[in-house]
């Protein structure tokens, strides 16, 4: 025969275990979205030559997982970028987020996965590209959320391995 106090104790233990503060919640309902206008003149140094004529834009969406306290515990990114006005046949060998304000270069911290082994070509000088499910370091994503202007996105080509079109991130959502 069960005693009411023992039953209450069991129920209380189950309830408290379900309320663990370290438990990870589902992804946030609203993603965090950034954009940037991409220009060859924004590169450091500015791009000269045939790849200096184009422009583009990028949208980066982070889908976040947060713990019960609101800290980011996981993040995936979707990159969508468009380029136009570049020479026909321009090959893209990289597309990344870097930490640095305008006028300064920084290392790659989040890559789309685009690399010399899986390039994309702007057949007629224009193109649109999407990269989904890119894993991002939660601490880096938090830094981007805190100060997006301190980060830039750019695209790279064999002619301009340091980048041929760049823009500082701005939060739009």
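Against the definition (within 27 Å of residue 65 (Cβ to Cβ) and touching a helix residue (DSSP H, G or I) at 6+ places or on another chain (Cβ under 9 Å)), how does residue 142 come out, yes or no?
So residue 142 does not fit the description; no.
Has region 8-24 got any residue that is modelled with pLDDT of 85 or more, touching a strand residue (DSSP E or B) at 6+ places or on another chain (Cβ under 7 Å) and either surrounded by 11 or more Cβ atoms within 10 Å (Cβ to Cβ) or not in a strand (DSSP E or B) (or both)?
no
The values are calculated or read from the model by the stated rules, or taken from the named source; none is laboratory data. Quantities reported herein were computed from a predicted structural model and do not represent experimental measurements. All Cβ positions, even for glycine, are placed from backbone atoms using ideal geometry, and neighbour counts span all protein chains on display.
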